[in-house]
Structures are given as structure tokens and as C-alpha cells.
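Worksheet for the structure shown next.
The values are calculated or read from the model by the stated rules, or taken from the named source; none is laboratory data. Predicted, not measured: the structure shown is a model, and the values here were computed from it. Using ideal geometry, Cβ is built from the backbone for each residue, glycine included, and neighbour counts are taken over all protein chains shown. When the accessible area is computed, the model is the full protein with side chains, heavy atoms only, and any ligands, DNA or RNA have been set aside. Shrake-Rupley method; radii C 1.70, N 1.55, O 1.52, S 1.80 Å.
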Amino acid sequence: MAETIASILKNKLLKNKSGAIWSIAPDATVYDALAMMAEREVGALLVISAGDLVGIVSERDYARKIILQGRSSRDTTVQEIMTGTMFTVTPTDTIDDCMRIMTHHRIRHLPVMDQGSLVGIISIGDLVNAIISEQARTIDQLHTYIGVRYPA
């Protein structure tokens, strides 16, 4: 698909009207991160230290690195469980580019960087919604084309 990440970010902004990028500090507790994720209804938070993107923490990190290891979310910091190796995309990348990255690396969130600045985050759900919308538009166009070309 040729649709770019810029259009997905624009649609997200139009829908929730906040444009906020939810983040947490690396020295915050995992409990605080979970509380913020629940409050914001998101599955991951970007980890930012001194204005720099240093990682991402997700519900998956919590499940695998806290629950399964018998650790306490109140006594563990975000930096202890966050994913520090991140893949990022730019607003000019396409949905197909992002799907390939997510599928290959088995990740669900991609920070969006523009000339070194963080401008957003996209999830696998954002990409799936964009694909479904594009397919619906294509189907509608085909129905219109067939209806005009072949009278009943």
C-alpha cells in the first residue's frame, strides 16, 4: 500500500484531537507505567530520558519480564524491563514498509521520527485499520465502476 505514515498520524490526530505522545521516564516504576497505559488505554509507552527516546515499554514486556519472572511491578523500574533496541520509521514510510518491519521483528509499535524529532507512534492496529479502510474504498470504487459500466 502506498499510503504513508504521515496520513495515519493525521487521521489519528483528527480522531482523538490530542496528538499526545504518551511517554514515561526510565526511572519510573513498572507499576506507574501500567497505570498510565490503563488510564490512556494504550498498550505501550515510549521511554524518554532528557528529551531522548531511549526505549519502549509494553504490556508484553510486563507479562514476560515481571509476571513470568515473579518480580514486583512496584519495585522494578521501567529501564529494567524496557526494550532498548528500537526500530523507527519516518512519516514518508508506507504502510507496507511498516508491516514488513513489524512482522520481521515481531513488534507491535513503531516510533515515528522526523529529522531526529519524535512526531508520533503507530501500532499494528493503526496499520490494520488503514488497510481495512483502503480495501473498503477500493471495493466501493469497483462497485461504482461495475454499476456504471453494466446497466441492470
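Quick one: in the stretch 12-35, which of the residues that are hydrophobic (A, V, I, L, M, F, W, C), over 21 Å from residue 62 (Cβ atoms) and within 16 Å of the chain's Cα centre (by Cα) is modelled with the lowest pLDDT? Here the answer is 13. The residue that is farthest from residue 42 (Cα to Cα), counting only those in the stretch 72-108 that are in contact (Cβ under 8 Å) with a residue 12 or more places away in the chain and basic (Lys, Arg), is 74.
For the stretch 87-96, how many residues meet the condition of being open to solvent by less than 50 Å² (accessible area, probe 1.4 Å) and of a type outside the set (Ser, Thr, Tyr)?
So the first thing to find is which residues in the stretch 87-96 are open to solvent by less than 50 Å² (accessible area, probe 1.4 Å), and the list is 89, 91, 93-95.
Still in the list and also of a type outside the set (Ser, Thr, Tyr): 89, 91, 93, 95.
Number satisfying all stated conditions: 4.
Apart from one condition, residue 106 fits all of (1) at positive phi; (2) open to solvent by less than 70 Å² (accessible area, probe 1.4 Å); the exception is (2).
Kindly evaluate residue 73 against the criterion of being of a type in the set (Gly, Ala, Ser), closer than 23 Å to residue 8 by Cα, open to solvent by less than 40 Å² (accessible area, probe 1.4 Å) and in contact with a Ser or Thr (Cβ under 9 Å, 6 or more places away or on another chain). Let's see the steps before the verdict.
Working: of a type in the set (Gly, Ala, Ser): yes; closer than 23 Å to residue 8 by Cα: no; open to solvent by less than 40 Å² (accessible area, probe 1.4 Å): yes; in contact with a Ser or Thr (Cβ under 9 Å, 6 or more places away or on another chain): yes.
The answer is no for residue 73.
Mind counting the residues in the stretch 127-139 that are without any contact (Cβ under 8 Å) to a residue 40 or more places away in the chain and surrounded by 11 or more Cβ atoms within 10 Å (Cβ to Cβ)?
Of the residues in the stretch 127-139, 4 are without any contact (Cβ under 8 Å) to a residue 40 or more places away in the chain and surrounded by 11 or more Cβ atoms within 10 Å (Cβ to Cβ).
Restricting 42, 47 to those that are modelled with pLDDT under 95 and β-branched (Val, Ile, Thr) reduces the list to 42.
Comparison of 81, 124 shows that the only residue that is open to solvent by less than 50 Å² (accessible area, probe 1.4 Å), aliphatic (A, V, I, L, M) and under 24 Å from residue 21 (Cα atoms) is 81. Residues in the stretch 109-124 that are in contact (Cβ under 8 Å) with a residue 12 or more places away in the chain and not in a strand (DSSP E or B): 124 only.
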